[in-house]
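K.L.:
If you scroll down you'll find the structure; I have some questions about it.
The values are calculated or read from the model by the stated rules, or taken from the named source; none is laboratory data. This one's a predicted model, so the numbers in the text were calculated from it and none came from an experiment. Every residue, glycine among them, receives a Cβ derived from its backbone with ideal geometry; neighbour counts consider all protein chains shown. With ligands, DNA and RNA removed, areas are computed over all heavy atoms of the protein, side chains included. Shrake-Rupley method; radii C 1.70, N 1.55, O 1.52, S 1.80 Å.
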Amino acid sequence: MSHYKSNIRDIEFNLFEVLGRDEVLGTGPFEAVDGETARSILTEVERLAREDLAASYEDSDRNPPVFDPTTHTAPLPESFKKSYQAWQDAEYWRLQLPEVLGGTPAPSSLIWALGEMVLGANAPIWMYGAGPAFASIVHRNGNERDKKIAQIIVDKAWNTSMVLTEPDAGSDVGAGRAKATPNDDGTWNITGVKRFITSAESDLCENIIHLVLARPAGVEGVGGPGTKGLSLFVVPKFHFDPETGELTGERNGAYVTNVEHKMGIKVSNTCELTFGDPGVGGGEAARGWLLGEVHDGIAQMFQVIENARMMVGSKAIATLSTGYLNALDYARTRVQGSDLTQAADKTAPRVTITHHPDVRRSLMVQKSFSEAMRSLVLYTASWQDRVQIAEHNGETDELAMRVNDLLLPIVKGYGSERSWVLLGTESLQTFGGSGFLQEYPVEQYVRDAKIDTLYEGTTAIQGQDFFFRKIVKDQAKALGYLAGEIDSFVKSEAGNGRLKVERELLAKALEDAQALVGLMINTLMSADESAEGGDIRNIYKVGLNTSRLLMVLGDVVCAWLLLKGADVALQKLGGEVSAKDKAFYEGKVAAAQFFAQYNLPKLSAELAIAEATDLSLMELDEASF
């Protein structure tokens, strides 16, 4: 029996009933994928995820790859390779590709709906299968040589990796010391060590293409300090002819020198990657090509990072969703204790734990958050749809790009934090002691989910990016637009009276969130030493609240999206619906009301905490910790 439980009904509800994706499917860049086709794809991928992809989930955890330092390899278990091949053979990954690379372009909202199911069933399959997405970025940014390489990656199903982090630099990408020096033949030699590189080694295919950030050396005008001095290089594991894709038989000097032993997602090889070290492997130079022959590495790599952050957010909510649905199934069958109203009667019949108040509370917490964050991911992806449509028309949708940029840290940071915490405190807890056992998948869910708060930028990094780049640098344009949309909903008659209380709660939450933003901007301005009374130390007060702001605005946006869905559900309930749909729509209304009532009143306290922030924590002697 599959561990994975999908919520395809809610996925379709968001796509078609709330976000109206039928309006873009079958049109413009998505002409080949109409609404009917999209629905059939969703159905088939749900089956594939549940049956084939999920089949190796447990075995891959129990029998992870073992690194061989003599060959620099870490072969994957056969069960996983079978699941991975099932995904490759289905070729739904072609929906992520432009036509020129052999793809059938689909809207981002559909891609991430499919992504949720694959990531929920067996996340490393999607991660190892990132080649097409990476190839698209190489093609978009590359010269003619690179465009051919992109096609080779697709045609030969080569794996890819994004290579940023260094042992000493960590999240401080601009502190990276890996270097690139030019060769006379137009290639570059890469030297240095990178760490925590996902999918840098496997035996799934004949070659792996690494996209490596390195600092050019010996070239006038490029390679300065910080992130702006970094360039992006295409570095293969094995040398190949960039015209034909044929391997030359020569090993490149890019070697995996360690595979980490991790608490979760063990089948996903997380590697140390060493470039051009004479003492490693055969001592070969690590040669690669400068992407697009332009020194614009950090901007190019951010296209990879943005895709990765959507992946992480989708993985997080996918795991919470299946964790909740597994907990729900268990709670419906687990008989324990009598009903609380009959607690004094020792002869009262035993009931399933869904009758117990705190279990019901816990289940609704899980349901409301998993559905809220699914709405968040697909709503964000719908803005990406707009970007795709504009590009197809030879235009630029500035608003869509800004709103997407604003939402990405919420998808990744808020989504991963809420999912990780709730999987442990609510989903596993529903099982009681049984949740701690490997007989149920939830303990693996908890271990696999923790990484989501860490990679592609920790939650603290997401909070700083959210405030400093997505709000301050943007002059709050995207945030202002989003706040206006929420305010319009608050002032509407949405819910026909049924959501009046919740809209009032949302109004207060929006007010608190905007006050928090204003407080932080004013505090930031007070840190300007060139202004009268400015104190640079006040920047610490901002830093103490950036993660808080991320979570607060995550709650506000998620509550709004759930209430929008509840409004749609109430309209449906006003007509003829089946018994099954009636239960679904009533569940949507209940989840939205619960989320608003359970979470939004807490935001006033978050504002009060921020207002009380002083410098005492930063002035405390380190020895006192």
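K.L.:
Subtract the Cα-Cα distance of Ser578 and Ser171 from 0.36 nm times their separation in residues, and report this length gain in nm to one decimal.
P.N.:
Numbers: separation 407, 0.36 × 407 = 146.52 nm, distance 5.12 nm.
Taking 0.36 nm per residue and subtracting the Cα distance, the gain is 141.4 nm.
K.L.:
From the mean inverse distance of alpha carbon pairs (Kirkwood) and the Cα radius of gyration, derive Rg over Rh for the chain.
P.N.:
Rg/Rh for the chain comes to 0.98.
K.L.:
Here is a further query. Please compute the volume of the convex hull spanned by the alpha-carbon atoms of segment 144-189 and report it per residue in Å³.
P.N.:
So the per-residue Cα hull volume is 117 Å³.
K.L.:
Taking 8 Å as the Cα distance limit and 6 or more residues as the minimum spacing, I'd like the relative contact order of segment 221-372 as a percentage.
P.N.:
18
K.L.:
Please report, ordered by residue number, every helix of the chain (full DSSP H runs) that is 27 Å or longer along its axis going by C-alpha atoms and whose mean Kyte-Doolittle hydropathy reaches 0.0.
P.N.:
Qualifying helices, which must be both long enough and hydrophobic enough, are 297-333, 500-526, 546-573.
K.L.:
A follow-up question, please. Which sequence of Asp168, Asp512 reflects their accessible areas, 1.4 Å probe, from the largest down?
P.N.:
I get Asp168, Asp512, largest accessible area first.
K.L.:
Assign unit charges at the C-beta atoms only (+1 for Lys and Arg, -1 for Asp and Glu), then state the dipole size of segment 35-85 relative to its Cα centre in Debye, rounded to the nearest 20.
P.N.:
60
K.L.:
Got the relative contact order for the chain handy, in percent, Cα pairs under 8 Å and 6 or more residues apart?
P.N.:
Computed value for the chain: 12 percent relative contact order.
K.L.:
Under the classification rounded if a/c is under 1.5, otherwise prolate if a/b is larger than b/c and oblate if not, where does segment 222-263 fall, given a ≥ b ≥ c as square roots of the Cα gyration tensor eigenvalues?
P.N.:
oblate
K.L.:
Starting from the 7 Å offset along Cα-to-Cβ, what nm value, one decimal, do you get for the label separation of Glu246 and Ala515?
P.N.:
7.2
K.L.:
Can I ask one more? Using alpha-carbon pairs under 8 Å, 6+ residues apart, how would you state the relative contact order of segment 160-252 in percent?
P.N.:
Computed over segment 160-252, the figure is 27 percent.
K.L.:
Related question: As an exercise, take the mean of 1/r over every pair of distinct alpha carbons in segment 552-625, invert it, and state the Kirkwood radius in angstroms.
P.N.:
Final number for the Kirkwood radius of segment 552-625 is 15.2 Å.
K.L.:
At 1.002 mPa s and 20 °C, plugging the Kirkwood radius over alpha-carbon pairs of segment 438-549 into Stokes-Einstein gives what diffusion coefficient in µm²/s?
P.N.:
Taking Rh from Cα pairs, D becomes 126 µm²/s.
K.L.:
Please work out whether segment 178-258 counts as rounded, prolate or oblate from its C-alpha gyration tensor, where a ≥ b ≥ c are the square roots of the eigenvalues and a/c under 1.5 means rounded, while otherwise a/b larger than b/c means prolate and anything else oblate?
P.N.:
Oblate.
K.L.:
Top to bottom by accessible area (1.4 Å), largest first, where do Leu479, Leu550, Leu247 land?
P.N.:
Heavy-atom accessible area, descending, gives Leu247, Leu479, Leu550.
K.L.:
If I take all pairs of Cα atoms in segment 357-399, what percentage of them are more than 14 Å from each other?
P.N.:
Cα-Cα pairs of segment 357-399 separated by over 14 Å account for 62 percent.
K.L.:
Under 1.5 on a/c is rounded, so check that first for segment 233-375, then, if it is not, pick prolate when a/b is larger than b/c and oblate when it is not; a ≥ b ≥ c are the square roots of the alpha carbon gyration tensor eigenvalues.
P.N.:
prolate
K.L.:
Enumerate the aspartates and glutamates that Lys500 could reach by cross-link, defined here as Cα to Cα under 13 Å, with residues fewer than 8 away along the same chain left out.
P.N.:
By straight Cα distance, Lys500 reaches Asp567.
K.L.:
Please report, largest first and rounded to whole Å, the three semi-axes of the ellipsoid equivalent to segment 95-209, where each semi-axis is the square root of five times an eigenvalue of the C-alpha gyration tensor.
P.N.:
26, 20, 13
K.L.:
Quantify, in whole percent, the carbon and sulfur part of the accessible surface of the chain (1.4 Å probe; protein heavy atoms only).
P.N.:
52
K.L.:
Separation of segment 354-380 and segment 111-147 by C-alpha centroid, Å?
P.N.:
Rounded to whole Å, the Cα centres lie 29 Å apart.
K.L.:
Zone of Glu485 (label point 7 Å along Cα→Cβ, backbone N under 16 Å): which residues in segment 494-526?
P.N.:
Those under the cut-off are 510.
K.L.:
Still on this structure: Give me log10 I(q)/I(0) at q = 0.26 Å⁻¹ for segment 482-548, Debye formula, one equal scatterer per alpha-carbon, no solvent.
P.N.:
-1.03
K.L.:
On to the next question. Taking the alpha-carbon centroid of each part, what is the distance from segment 499-562 to segment 11-74 in angstrom?
P.N.:
36
K.L.:
Which value in deg cm²/dmol, rounded to the nearest 500, describes the helix-derived mean residue ellipticity at 222 nm for the chain, given -39,500 (n - 2.57) per DSSP H run of n ≥ 4 and division by the residue count?
P.N.:
Details: 20 runs with 298 residues, N = 625.
Using -39500 (n - 2.57) per qualifying helix, the result is -15500 deg cm²/dmol.
K.L.:
Ordering Glu371, Glu31, Glu456, Glu246 by how much accessible area each has at a 1.4 Å probe, largest first, what is the list?
P.N.:
On the way: Glu371 5, Glu31 140, Glu456 40, Glu246 110 Å².
Descending accessible area places them as Glu31, Glu246, Glu456, Glu371.
K.L.:
Given 0.36 nm per residue, what is the gain on full extension from Thr43 to Glu529 after removing their alpha carbon distance, in nm?
P.N.:
Here the segment from Thr43 to Glu529 would lengthen by 169.1 nm.
K.L.:
Continuing with this model, one more query. Only sites in a loop by DSSP and with at most 14 other Cβ atoms within 10 Å count here; which trypsin sites (Lys or Arg not before Pro) in segment 162-225 make the cut? The partial results should precede the final answer.
P.N.:
Details: sites: Arg177, Lys179, Lys194, Arg195; in loops: Arg177.
Passing sites in segment 162-225 are Arg177.
K.L.:
Still on this structure: Stokes-Einstein at 25 °C, 0.890 mPa s, Kirkwood radius from Cα pairs: D for segment 330-468 in µm² s⁻¹?
P.N.:
D = 137 µm²/s.
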